[in-house]
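The values are calculated or read from the model by the stated rules, or taken from the named source; none is laboratory data. Small disclaimer: the values here were computed from a predicted structure and weren't measured. So basically every Cβ, Gly included, is an ideal-geometry build from the backbone, and we count neighbours across all protein chains shown.
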Amino acid sequence: MSKKCPDLVTMLSQLIASPSVSCTQADWDQSNLPVIELLEGWLSHLGFDTEVIPVEGHPGKANLIATLGKGPGGLVLSGHTDTVPFNAERWQSDPLTLTEKDNRFYGLGTCDMKGFFPIAIEAAKKFLDQPLKQPLIILATADEESSMSGARALASTGKPKARYAVIGEPTGMKPIYMHKGMMMESVRIEGKAGHSSDPSLGANALDAMHSVLSELISFRNEMKRDHQNSAFKIAEPTLNLGCIHGGDNPNRICGHCELEYDLRPLPGMSLDNLREDVSRRLAPFADQFGVAITTKSLFPGIPSFANQRDSELVRTAEKLTGFQAESVAFGTEAPFLQDLGMDTIVMGPGSIDQAHQPDEYLAFDQIKPTVAILEKMITQYCL
């Protein structure tokens, strides 16, 4: 494969044609190396120093750090290389083929968020022959849509180092300075099955789960009462009771039951403390119903993210885009880059409304303005 850097549309087409689904279900999960290899080839051809870093414990997954220029500080333009699973039959076109229609580019990952990489590279091309005073870093990560193992690995190793970071998630180029965290948790109850005609023969896991559900709803109401942040459209933490499975037949005492729920905490709320609170509140039901109750995290969770509303990068982004900085409820890799000491925002082309949907697209009219804004940011923070 040629390493020559092609034009923006060709880059986007090749990225979309390289499937890189990440998923907690093994039959869906794929390597992101084909995408990393494309990006590494293009960026090294342009003169970037590139480093492909395998993600320990995740075979076939890697991050890419591509650096133009040297020195402390600088600007990171960051994106993730993976996509969510998809239902091809629900698309009007092949999700793995870039399709141009109605002044839009259709394809899996066009806005979330493979489309950010060709745009960032296009902006970088303007500076290839200019002496940068601070480095420009293009960062490509693995597994954002599942475990965020790529960003976690980078944070644990302390790189990349820069002063500013822009994560190009689809926000319609509105700067995002704050978002909620995300937890996905399970509660499993093991009772004892028996004939339904005599309740004393068993321990009904569904009876215990009824009390667990009531306690979680009470916990949700208490969080709503005690934690508010008016910067968010939904000002309180949310707890969604997502799915429940239990039992096997109406005439058997239910011997097992499992609940999975989603909790989105506000900035300042600790994921570990929330897990401890839930475990403590549910523990008494084990003795009360004669069952075993186990709580477990379905993935490590995403911490909430909060930058200063008047930080240098936030103010610059507001000036360049004409939009006031906002907050969102969805999670990103921002807290991990912020942990590396960078002034961080989330800001990219496309809309989150198109993400994770059939017929995902990136509108043509988002591309040139985004390139222009990134060029101005590179000028300010690298020249």
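Here is how the numbers come out for the structure above:
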item: Test for GLU145: is it over 28 Å from GLY322 (Cα atoms), in contact (Cβ under 8 Å) with a residue 40 or more places away in the chain and among the acidic types (Asp, Glu); result: yes
item: Those residues of the range 84-94 which are buried (at least 16 other Cβ atoms within 10 Å of the Cβ) and touching a Pro at 6+ places or on another chain (Cβ under 8 Å), in sequence order; result: PHE86, TRP91
item: Extreme residue, farthest from VAL76 (Cα to Cα), among residues of the range 132-163 that are surrounded by 24 or more Cβ atoms within 10 Å (Cβ to Cβ) and of a type in the set (Asp, Glu); result: ASP143
item: Qualifying residue in the range 168-189 (condition: surrounded by fewer than 24 Cβ atoms within 10 Å (Cβ to Cβ), touching a Leu at 6+ places or on another chain (Cβ under 8 Å) and hydroxyl-bearing (Ser, Thr, Tyr)); result: yes
item: Residue satisfying all of: in the range 249-261; touching a residue at least 24 places away in the same chain (Cβ under 8 Å) and closer than 15 Å to GLY202 by Cα; surrounded by the most Cβ atoms within 10 Å (Cβ to Cβ) among these; result: CYS254
item: Residues within the range 279-305 that are touching a strand residue (DSSP E or B) at 6+ places or on another chain (Cβ under 6 Å), farther than 25 Å from ILE253 by Cβ and not in a loop (DSSP other than H, G, I, E, B), tallied; result: 4
item: Odd one out for ALA283, checked against (1) over 24 Å from the mean Cα position of the chain (by Cα); (2) of a type in the set (Gly, Ala, Ser); (3) under 27 Å from PRO72 (Cα atoms); result: (3)
item: Residue that is farthest from MET148 (Cα to Cα), among those in the range 322-341 that are part of a loop (DSSP other than H, G, I, E, B) and at pLDDT 95 or above; result: GLY322
item: Residue count for the range 309-321, restricted to those that are free of Cβ contacts under 8 Å to residues at least 12 places away in the same chain and in a helix (DSSP H, G or I); result: 2
item: Count - residues of the range 39-61 that are farther than 19 Å from VAL9 by Cα and assigned to a loop (DSSP other than H, G, I, E, B); result: 9
item: Number of the condition not met by THR344 [criteria: (1) part of a strand (DSSP E or B); (2) without any contact (Cβ under 8 Å) to a residue 12 or more places away in the chain]; result: (2)
item: Residue selected from the range 321-333 under the condition of a type in the set (A, V, I, L, M, F, W, C) and touching a Pro at 6+ places or on another chain (Cβ under 9 Å), by the criterion surrounded by the fewest Cβ atoms within 10 Å (Cβ to Cβ); result: PHE323
item: Unmet criterion (only one of (1) crowded, with 19+ Cβ neighbours inside 10 Å; (2) under 18 Å from the mean Cα position of the chain (by Cα)) for ILE352; result: (1)
item: Test for LEU266: is it hydrophobic (A, V, I, L, M, F, W, C) and assigned to a loop (DSSP other than H, G, I, E, B); result: yes
